[in-house]
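Presented below is the structure to which this report refers.
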Amino acid sequence: MERVVESPAKKPSALRTQSETIAFVVMVAALVIAPFFTYPLFLMQAMCFALFACAFNLLIGYVGLLSFGHALYFGWASYLSAHSAKVWGLSPELAILTGTATAAICGLIAGSLAIRRQGIYFAMITLALAQMMYFFALQAKFTGGEDGIQGVPRGNLFGLIDLRNEMTMYAVVLAIFLCGFMFIYRIIHSPFGEVLKAIRENEPRAISLGYKTDRYKLAAFVLSATLAGVAGATKAIVLQLASLTDVNWPMSGEVVLMTLVGGLGTIFGPLVGAFVILLMQFKLAPIGEWVLVIQGSIFVACVLLFRRGIIGELANKLRVRL
Amino acid sequence: MFEIFGIPSQALFGQLLIGLINGSFYALLSLGLAVIFGMLNIINFSHGAQYMMGAFAAYLILQYFGLGYWPALIIAPIIVGITGIIIERLFLQWLYKLDHLYGLLLTFGLALIFEGVARNYFGSAGLPYTVPESLQGGQNLGFMFLPNYRAWVIAASLTVCIATWFVIERTRLGAYLRAATENPTLVRAFGINVSRMITLTYGFGVALAAFAGVMAAPIYNVSPQMGSELIIVVFAVVVIGGMGSILGAIVTGFGLGVIEGLTKVFFPEASNTVIFVIMAIVLLVRPAGLFGRRG
């Protein structure tokens, strides 16, 4: 049976680590100069979604768990971040922390339920739990129902730096994104990450070697939910908005799509996928509902023809790891 | 008119009836999911969209061919079933050797396509579909008023569910199906065309969804998003019941519908979420599901 993520057949060469470093430098350089050429707001939004997709990829790509309810963590972090900044008057860094903590707690509860089942059931449970929290968001007073939480103040970072300036905000979002990205990179290449990959490859064997795989899976789930929370909380401050869209099931589908397009289990894939999908939505906004049809078609095409995704195919062509 | 736990009987039985109606749809859809999963090892995410297609097929058959509810109840599932067979031949057959998750992702994509197309042509607002003349009106049972159409939906879906159970568990064809689910290679060696069986199973499962869609058309409006909201609840139903048992899927479907209806009476705020809460509790107490044999 072909797995979701192919395990590398050959021993890693010296080029392997180099290719990742080169790609990382290119990515940072591109993100630093990009705001001088295109809309910073679009780029900030794209980086939030890229971090979201990277967090999602940590689960599907490295533990082999498909969470179909990641909108829960993204959306609820976004709500709490927006609420704490607007109503409680917290500074942006504390608002983002509040949102992130919310996502971590949600992830701990949902994760400990979901890891009780495997494979296809795991996906259905995460989706159902996310839908439950969507209904809570719909009914709760503080979320503003259909209107969402609008006009969230960006405030002053650490009480000093005014984030209303677009470039300052951009620098902060870039810093958050890079921290999240490098954190995920560290997780993947740590001994902990190796155990996760072992679970992905053969869980019964990992159990027989004495690993308490449930604990590893739960830890990975909470980490993924928390990082999705960082992305959602930051997005609420950047766009000054938290709404039902962020917490509803199409958002869960979108992050799956981004990761699939970029390449499941690749380090740079989710980033590329997020930019591609957002750019597509941005360009295709005038044609309305057809975007849904196009997204669906991309899903079908990716599953049938390009299971490795953009970065996966590229890495395969160049025989490096990305 | 009398009261039970301080609730007027009319309201209580009314909600119970709505619960049974919803339960009929949960049962029909989770049954279809279970049958498809058994043969194809794929969770059919587009099941909700195919339910929606059934309702739209009934609507279009009425608009363009002037054929009413009863012909539509036969024709719409056949049409949607045929599209299912085409989908299986075009897309799904390439996925059987891959991880299960790819089937979920592909059918999710299909669901987006179907829903997107429906929204483009019909808008997001619901379209009305009237109850057939022969089933209009209702019976006064003394403690409540029972609309004829609703009684028909419950009876029809129960009949279809039990017939499906009978075919799979008690006939020769069903025995082939169950054998092919357990060990396709061996069944192939006996000279049975398993690939065709898989194709027809998918067509049948999808036709079941479309049948539910036609029955739902006069109760709920015909709208593009009618399936996507339902399918997530049905997933929770499937997690609760487990997909190992056909009878389990039917019992769980009806049971959860009734519980949801009762919640609407006693604690309306929780009526949207009660099934998900039950799912969480079942996962804590019996992780394999109520009727599940394997994780």
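Key figures for this structure:
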read-out	value
Restricting segment B:228-248 to residues that are of a type in the set (Val, Ile, Thr) and over 14 Å from the mean Cα position of the chain (by Cα), the residue that is farthest from the other protein chains (Cβ to nearest Cβ)	B:ILE240
The one condition in (1) over 23 Å from A:TYR121 (Cα atoms); (2) touching a Phe, Trp or Tyr at 6+ places or on another chain (Cβ under 7 Å) that B:ILE82 fails to fulfil	(2)
Any hit, segment A:136-149, residues being small (Gly, Ala, Ser), within 14 Å of A:LEU59 (Cβ to Cβ), buried (at least 16 other Cβ atoms within 10 Å of the Cβ) and at pLDDT 90 or above	no
Criterion (surrounded by fewer than 24 Cβ atoms within 10 Å (Cβ to Cβ) and not hydroxyl-bearing (Ser, Thr, Tyr)) met by exactly one of B:PHE204, B:PHE211, B:PHE235	B:PHE204
Segments classed as helices (runs of 4 or more DSSP H), wholly inside segment A:151-227, with at least 2 members that are of a type in the set (Lys, Arg) and at pLDDT below 95	A:191-201
Residue within segment B:229-252 that is in contact with a strand residue (DSSP E or B) (Cβ under 9 Å, 6 or more places away or on another chain), outside any helix (DSSP H, G or I) and touching a residue at least 60 places away in the same chain (Cβ under 8 Å) present	no
Cross-chain or 6+ apart pairs with Cβ under 6 Å, segment B:267-280 first and at the interface with chain A (Cβ under 7 Å from one of its Cβ atoms), then among the small types (Gly, Ala, Ser) and buried (at least 20 other Cβ atoms within 10 Å of the Cβ)	B:PHE276/A:ALA128; B:PHE276/B:ALA236; B:MET279/A:ALA128; B:MET279/B:ALA236
Every residue from segment A:279-292 that is surrounded by fewer than 20 Cβ atoms within 10 Å (Cβ to Cβ) and either more than 14 Å from chain B (Cβ to nearest Cβ) or in a helix (DSSP H, G or I) (or both)	A:LEU279, A:MET280, A:GLN281, A:PHE282, A:LYS283, A:LEU284, A:ALA285, A:PRO286, A:ILE287, A:TRP290, A:VAL291
Residue within segment B:2-19 that is part of a helix (DSSP H, G or I) and within 30 Å of B:LEU177 (Cα to Cα) present	no
Single unsatisfied condition, A:LEU264 versus (1) outside any helix (DSSP H, G or I); (2) more than 13 Å from every other protein chain (Cβ to nearest Cβ)	(2)
In segment A:298-320, residue surrounded by the most Cβ atoms within 10 Å (Cβ to Cβ) [restricted to those that are of a type in the set (Lys, Arg) and under 23 Å from A:GLN281 (Cα atoms)]	A:ARG308
Residue within segment B:159-178 that is over 28 Å from A:LEU305 (Cα atoms), within 14 Å of chain A (Cβ to nearest Cβ) and part of a loop (DSSP other than H, G, I, E, B) present	no
Segment B:96-115, residues that are at the interface with another protein chain (Cβ under 7 Å from one of its Cβ atoms), of a type outside the set (A, V, I, L, M) and either touching a residue at least 60 places away in the same chain (Cβ under 8 Å) or surrounded by 24 or more Cβ atoms within 10 Å (Cβ to Cβ) (or both)	B:PHE108, B:GLY109, B:GLU115
Residue ID - farthest from B:PHE108 (Cα to Cα), chosen from residues in segment A:293-322 that are under 20 Å from the mean Cα position of the chain (by Cα) and part of a loop (DSSP other than H, G, I, E, B)	A:LEU322
Total residues in segment A:91-115, condition outside any helix (DSSP H, G or I) and either touching a Gly at 6+ places or on another chain (Cβ under 8 Å) or crowded, with 24+ Cβ neighbours inside 10 Å (or both)	1
Filtered residues of segment B:65-95 (kept if surrounded by fewer than 17 Cβ atoms within 10 Å (Cβ to Cβ), within 22 Å of the chain's Cα centre (by Cα) and within 14 Å of chain A (Cβ to nearest Cβ))	B:ILE86
Enumeration of residues in segment A:102-140 that are without any contact (Cβ under 8 Å) to a residue 12 or more places away in the chain and more than 10 Å from every other protein chain (Cβ to nearest Cβ)	A:ILE105, A:ALA140
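The values are calculated or read from the model by the stated rules, or taken from the named source; none is laboratory data. Computed from a predicted structure; not experimentally measured. We place every Cβ from the backbone using ideal geometry, glycine too, and count neighbours over all the protein chains shown.
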